[in-house]
Structures are given as C-alpha cells and as structure tokens.
Amino acid sequence: MTLREQLDADVKQAMRDGNALKRDTLRMVLAAVKNKAIADGGAGHQLDDAGVLSVLAANVKTRVESARQYEAGGRPELAQKEADEIEILQEYLPKQLGEDKTRDVVQNAIAESGATTKADMGKVMKVVMASHKGEVDGKLVQKIAGELLG
C-alpha cells in the first residue's frame, strides 16, 4: 500500500470513528499532495511515496511555524490545535534521529565529503540530507556541522 493510499484509508477510518481533527488534517494533506502532483506533472500525475513524504514534512514545518506564531500572539488554543495536527502528521513521517545519532551521521558525512572548513558545509549538508532524508532535522545538521567544522 502506498503512502497516499494509506492516507486515503485513514481519512475513511477517521470518518467512521468520528475523529474530525484527524479527518480534516489528512484531507488538507491530501489536497496539498494533489496540488503538488498537478504542479509537478499536470492533471493525472501521481506522487510517489518520497513526494508524499516531502509534502507531509512541509505541512509539519508550516504547522510548527504557525504554532509558534499563535503562542507569540497569545492564542494558546490555536497553538494547541496546530500541535495536535503535527502529532497526527508525524505518524506518517520517518522517526527523527536524536542529537547523538545526528552528530554521528554528520561526522561520517564530514569524513566522506572531505570537508575541513565551514565553507564546505554545503558538501556535508548534501551528503547528510541525501542519505538520511526525512530522518534528520536540517537545522540540527547545520548546527552540528558548524560546530564540527568551526
């Protein structure tokens, strides 16, 4: 079963369960997946699992920023709704590596790419993100690479 098929099935299950938050969250993601597919290849084009994962990750990132803005604006109830949606979406994303594992991955990437200075950070980022797409936080990778190359 593809990730898109899983999302479709989970929307139907959420409808049967009366889980409006999950239903609505997954519907928004499916709409974003459809829009991305149309933008990439026109009507009738379907995204593969990697494409669906990138849409999911982008949706999580957007919701994290929205929650941060709601908190800053004194709207904790809206921030909580965003946090609940993030929790639903993260079920479909690969598990993120912790800081220690990420540090090991970055150290290996530095060795592999031959990076020696901060000017080589792009090489390190390229290696890490290609081999661990969706498993690592780009900002954390950048921070650790900066520390190790600095």
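The values are calculated or read from the model by the stated rules, or taken from the named source; none is laboratory data. Here the structure is a predicted model, which means the values were calculated and not measured. Here the Cβ positions follow ideal geometry from the backbone for every residue, glycine too, while neighbour counts run over all protein chains shown.
Yes/no per residue for (1) acidic (Asp, Glu); (2) within 26 Å of Gly138 (Cα to Cα); (3) in the same structural domain as Asp137 (by TED's automatic domain parsing); (4) out of contact with any helix residue (DSSP H, G or I) (no Cβ under 8 Å at 6 or more places or on another chain):
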| site | (1), (2), (3), (4) |
| --- | --- |
| Asp8 | yes, no, no, no |
| Gly18 | no, no, no, yes |
| Leu26 | no, yes, no, no |
| Leu47 | no, yes, no, no |
| Asp84 | yes, yes, no, no |
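Return the only residue of Leu93, Leu140, Leu97, Leu148 being part of a loop (DSSP other than H, G, I, E, B), surrounded by 13 or more Cβ atoms within 10 Å (Cβ to Cβ), of a type outside the set (Gly, Ala, Ser) and more than 12 Å from the chain's Cα centre (by Cα).
Leu97
If Val52 satisfies every condition in (1) surrounded by 14 or more Cβ atoms within 10 Å (Cβ to Cβ); (2) at pLDDT 95 or above; (3) in contact with a Lys or Arg (Cβ under 9 Å, 6 or more places away or on another chain) but one, which is the exception?
All conditions pass for Val52, except number (2).
Which condition number does Gln107 fail, the rest of (1) within 21 Å of the chain's Cα centre (by Cα); (2) in contact (Cβ under 8 Å) with a residue 40 or more places away in the chain being met?
(1)
Tell me, which residue of segment 1-29 that is of a type in the set (Val, Ile, Thr) and modelled with pLDDT of 95 or more is nearest to Leu47 (Cα to Cα)?
Across segment 1-29, the extreme among qualifying residues is Val29.
Which one of these does Gly74 not meet: (1) more than 30 Å from Asp10 (Cβ to Cβ); (2) at pLDDT below 90; (3) out of contact with any helix residue (DSSP H, G or I) (no Cβ under 9 Å at 6 or more places or on another chain); (4) not charged (D, E, K, R)?
Of the numbered conditions (1) more than 30 Å from Asp10 (Cβ to Cβ); (2) at pLDDT below 90; (3) out of contact with any helix residue (DSSP H, G or I) (no Cβ under 9 Å at 6 or more places or on another chain); (4) not charged (D, E, K, R), the odd one out for Gly74 is (2).
Taking Gly114 as meeting all but one of (1) modelled with pLDDT of 90 or more; (2) of a type outside the set (Phe, Trp, Tyr); (3) out of contact with any helix residue (DSSP H, G or I) (no Cβ under 6 Å at 6 or more places or on another chain); (4) closer than 26 Å to Val141 by Cα, write down the number of the exception.
Exception for Gly114: condition (1).
Just the residues that are over 18 Å from Val60 (Cα atoms), free of Cβ contacts under 8 Å to residues at least 40 places away in the same chain and either of a type in the set (Val, Ile, Thr) or not in a helix (DSSP H, G or I) (or both), please, taken from segment 2-20.
Gly18, Asn19
In segment 21-47, which residues are in contact (Cβ under 8 Å) with a residue 40 or more places away in the chain and either of a type in the set (Asp, Glu) or surrounded by 15 or more Cβ atoms within 10 Å (Cβ to Cβ) (or both)?
Of everything in segment 21-47, those that are in contact (Cβ under 8 Å) with a residue 40 or more places away in the chain and either of a type in the set (Asp, Glu) or surrounded by 15 or more Cβ atoms within 10 Å (Cβ to Cβ) (or both) turn out to be Lys22, Thr25, Leu26, Val29, Leu47.
Looking at Val60, Val52, Val33, can you tell me which residue is outside the structural domain of Ala130 (by TED's automatic domain parsing), more than 30 Å from Ala145 (Cβ to Cβ) and of a type in the set (A, V, I, L, M, F, W, C)?
Val33
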